[in-house]
Every structure is written in structure tokens, then in C-alpha cells.
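The values are calculated or read from the model by the stated rules, or taken from the named source; none is laboratory data. These figures come from a predicted structure and were not determined experimentally. FYI the Cβ positions are ideal-geometry reconstructions off the backbone, even for glycines, and counts take in every protein chain you see. Accessible surface is based on the protein model in full, side chains and every heavy atom, while ligands, DNA and RNA are left aside. Shrake-Rupley method; radii C 1.70, N 1.55, O 1.52, S 1.80 Å.
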Amino acid sequence: MEADSATARKPFPKEALPGTRDPGDASPRPSLGRVRSLLLLRGLEHRLYRLLRRPRPLRSLTVTVTRRCNSRCVMCNIWRLRKTEEELSRELLLEVLSSPCLEKLVELDLTGGEPLLREDLPEILSRVARFTRDRLPSLRTVALATNGLLPRRIHSRVRAILEALDGRADLAMVCSLDGPGEVHDSIRGIDGAYDKAMETLEGLQSLREGPFPFHLGLKTTVLPRNLHHIPSLMDFARRRRLFHIVSPVLFADQRFRNRESREELDVVDRREKELVRLYSREAFLDDYYARVVRQTLRRGSRGLPCTAASDHLFIEGDGTVFPCPLLNLPLGSVRERPLENVAGSRAARQAASRAGRHESCRKCLEPGCIRFSQAGEGLAFLRFLSGERSRRRFRKSVRDTGLDKYFLGARSCFPSR
């Protein structure tokens, strides 16, 4: 049953939370001209590697560090798995992350479950920070998602992670927030989830004012029950200077295990007009992801090249490697073969050559895959950065989203202290 504004008793707070400065204000930034030049080169590179069916250097990697989850989200069934099911050991994770095929890796995304339930995560990232000297020389960002349900533990672990990274890679944190009050609680399936998320955000915003500033944002999943609350969420994120990922609910067999909920929760096919209106708001006009959403809904197909299995991969919690989180096409397992062997396998080359052409790719709106592809495929994003709105689009879709790291020569987006 949909929650309406009457049930959402707790609106977003109007007062400013601590730590609302933009951590990237003084950052070294690539110019629009440099980005355009690199996009042209990468567009040619992507098509050449695809034509020759040769493995391309990986620039981004997403790893499920645990499937344990303390949430009960209506749109995801990961929490129904056994808590200890097939979690990769610290030793194996470090072996994977020291693979020679990650020499050009720019972004490492750690996901779950709830990643911060993993007690040894700070220790793992301490080793990753050391790898930046030789094995991961191109690493710029470690991205980490949280549901915000354990404020004290999250604050403690994030502080330890920042100390572990020691400025050798930036941290990008995203906290789930799907609506005000009982709307968020009903989506996350936990009483008091909203209050805990707000406490988590307050602590993280204070923490990012410390010796190791980091990027902080919100992740909102668009569902029928919160669709009309998205504008107020966007306003909340803007006032707090939080980046904001707003994506329609996704369905996948091996990732979210939620296909049976499609009829009840889908907004792409069942609330198409409302979704187009949402992503046509002025705040989204210069946002590349929003444009992809609008075009996909209007055309009935995304129709853009994808670099899945080419310059990015997804590793599930049991060690199985996939082209992306949504495509149920296993390429191998890091339990059985080194990552470089899986990434360079015939199966991976075939998957890369067909990325974007599978039926499940037709209306794919997975924000991570679109983000990785816009930097790696090149030409579609280059066209977007042309015309009279090019500078506004550049600021909104490169600078404000942290995509700078794919075009930087320096290691960190932050000035040294």
C-alpha cells in the first residue's frame, strides 16, 4: 500500500546540518577541453578493442564485500540470504584487489548487503591504500554505500576507514534515504529507519570536516510509494550540499532477487509519464543520467553503448564475476581463477562485445553502469557536452558528480593539507 504525505509525519529538517561545505571546492579540476579530448580518444579506443575483441584495462570495479544486511527493503531480497553465505575472506579479497589487471583502476565500489557490517573493512582498505604505491597506482576513489541503520558503528568504521586510506584515495560515501518519516521506514522495512539515517548523516557531515574530507551523498530508489516525495528529497540534498543519486527501482535475478516484485514495484513501465516529468525538472536538465532516463523512457530502449565487461566488472559476494550487477551472465569465479584470467577470458571478451545488446540491457537504468560507460565509451557523453549548454552540463555531470577522477592526472581530488 502506498504511503502518502499524511503518513510521513517527519518532514526533512529545515535547519542546516553540520558539515555542509562542498569538499571539492578547491579541487584541481580538468578543463572542458581536456575532457572532450579524452572522451574522443576513449571512444575510439572502446570501438577498437571491441572490434578486436581484446580485453581493455579495467577502470572501475564493484565488489560485494558481504551479503549480510540489517535492512528489510521491499525492493531487495539480499537480506533473506543466510548471513554467512559465501562471504569472501579478507585474504582472497586482497588477492583480488592486487591483481595486475587493476593497474589502471580509478574507482573501487564496495557494496553489500550492508558493507559496514564487515568488521575487517578498515583493515582491508588499509592494505588497499598501500597497494596505491605499486599495484593500484591509478586508484582515485573508494566508494561505499550504507543504509544508515547503525549510526555509531557507521561513524566509528568510517573514521577508521578514513585513517586507513590516509588520503591516498578519496572516500565517496552514500547513505540511503527514500522519503520522509514513515515513508522511508516502510520502504526499508525497519521502524525508526528514518531517524537512524538522519543521525548517521549528521555524524558523517561532522566527520567530513575533519582531517580527511570526503564526498557524501544520498541514494534514493524511486518506487510507487515515494515518487511524489522525490522533489523534497532533492531539495533536502541541495540544502545540505550532498550529491544525490536518484534511480528507478531495478530488478535482477542474481543481484537483488526481486523479479517477483516487479508488478507491484515497477515505475519504468507502469509510471512512465510521472517518471519523465520527474527527470525533466530543471534540476535535472544538465544531468547526463537524467537525460539517459528520459530518452530511454521516450524511445522504449536505451540505445547507448555500454562498457560492461570491457572496462568495468561486478564481483558478487560468492566470488562470481559478472559484466555488471544486472546481467546474469557469469564469467567465472575468483575462487577458482585469478581475476586477470577471468577478465581476459573468452567469456569476458564475448560479453564485452555484446554489452548493451541483451534484452535485459534494453531499458537498463543502473546508475553505476551508466556512469562508468559515460567516461569509458566516450562518444555519447562527448555529444552531450556539446552545444550551447555545454559548460553547464560539464559542471553538473562532471564536476558535481565527481567524474573528474577519470580525467585527472593527480591522485586526489582534494588539496593536500
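On the basis of the beta-carbon distance and an R0 of 30 Å, Asp400 and Lys363 show a calculated FRET efficiency of 0.70. Across the chain, the volume of the C-alpha convex hull divided among the residues equals 130 Å³ per residue.
For segment 159-315, the Cβ-based charge dipole about the Cα centre amounts to some 580 debye (Lys, Arg positive; Asp, Glu negative; other atoms uncharged). Gain on full extension, evaluated as 0.36 nm per residue between Ser156 and Glu274 minus their Cα-Cα distance, stands at 38.5 nm.
Taking amide H as placed 1.01 Å from N in the peptide plane, the amide H of Val222 sits under 5 Å from that of Ser247, Val249, each at least 5 places away or on another chain.
Rolled with a 1.4 Å probe across the full set of protein chains, the surface gives Phe243 an accessible area near 70 Å².
Which FRET efficiency value, to the nearest 0.05, do you get for Arg391 and Asp253 by plugging their Cβ-Cβ distance into 1/(1 + (r/R0)^6) with R0 = 56 Å? That pair, Arg391 with Asp253, gives E of 0.85.
Run lengths n ≥ 4 of DSSP H only: what is the helix-derived mean residue ellipticity at 222 nm for the chain, with -39500 (n - 2.57) per run over all residues, to the nearest 500? The partial results should precede the final answer.
Numbers: 15 runs with 147 residues, N = 417.
Rounded to the nearest 500, it is -10500 deg cm²/dmol.
Find the eigenvalues of the gyration tensor of the Cα atoms of segment 166-299, then list the square roots of 5 times those eigenvalues as equivalent ellipsoid semi-axes, largest first, in whole angstrom.
Numbers: eigenvalues 142, 69, 46 Å².
Equivalent ellipsoid semi-axes, largest first: 27, 19, 15 Å.
The accessible area of Asp287, taken with all protein chains in place and a 1.4 Å probe, comes to roughly 30 Å².
Need the full-extension length gain, Glu103 to Glu123, defined as separation in residues times 0.36 nm minus the C-alpha distance. One decimal, nm.
Residue separation times 0.36 nm, minus the Cα-Cα distance, leaves 5.1 nm.
Based on alpha carbons, the Rg and Dmax found for segment 106-233 are 15.4, 48 Å. Beta bridges per DSSP, both residues in the chain: antiparallel share near 10 percent. Projected label points at Gln350 and Leu92, each 7 Å from Cα along the beta carbon direction, are separated by 2.5 nanometres.
For each pair in Lys273/Lys363; Lys219/Lys396; Lys219/Lys273; Lys196/Lys219, compute the distance between the two Cα atoms and list the pairs where it is over 19 Å. Numbers along the way, then the final one.
Details: Lys273/Lys363 15 Å; Lys219/Lys396 17 Å; Lys219/Lys273 22 Å; Lys196/Lys219 15 Å.
From the list (Lys273/Lys363; Lys219/Lys396; Lys219/Lys273; Lys196/Lys219), the Cα-Cα distance tops 19 Å for Lys219/Lys273.
Pairwise Cα distances in segment 58-144 exceed 21 Å in 31 percent of cases. Around the amide H of Asn70, modelled in the peptide plane, lie the amide H atoms of Glu114, all under 5 Å away and 5 or more residues distant in sequence or on another chain.
Using a probe of 1.4 Å, the accessible surface attributed to Glu336 totals some 150 Å² when neighbouring protein chains are kept in position. Our note on the geometry: Cα centres of segment 123-151 and segment 242-285, 29 Å apart.
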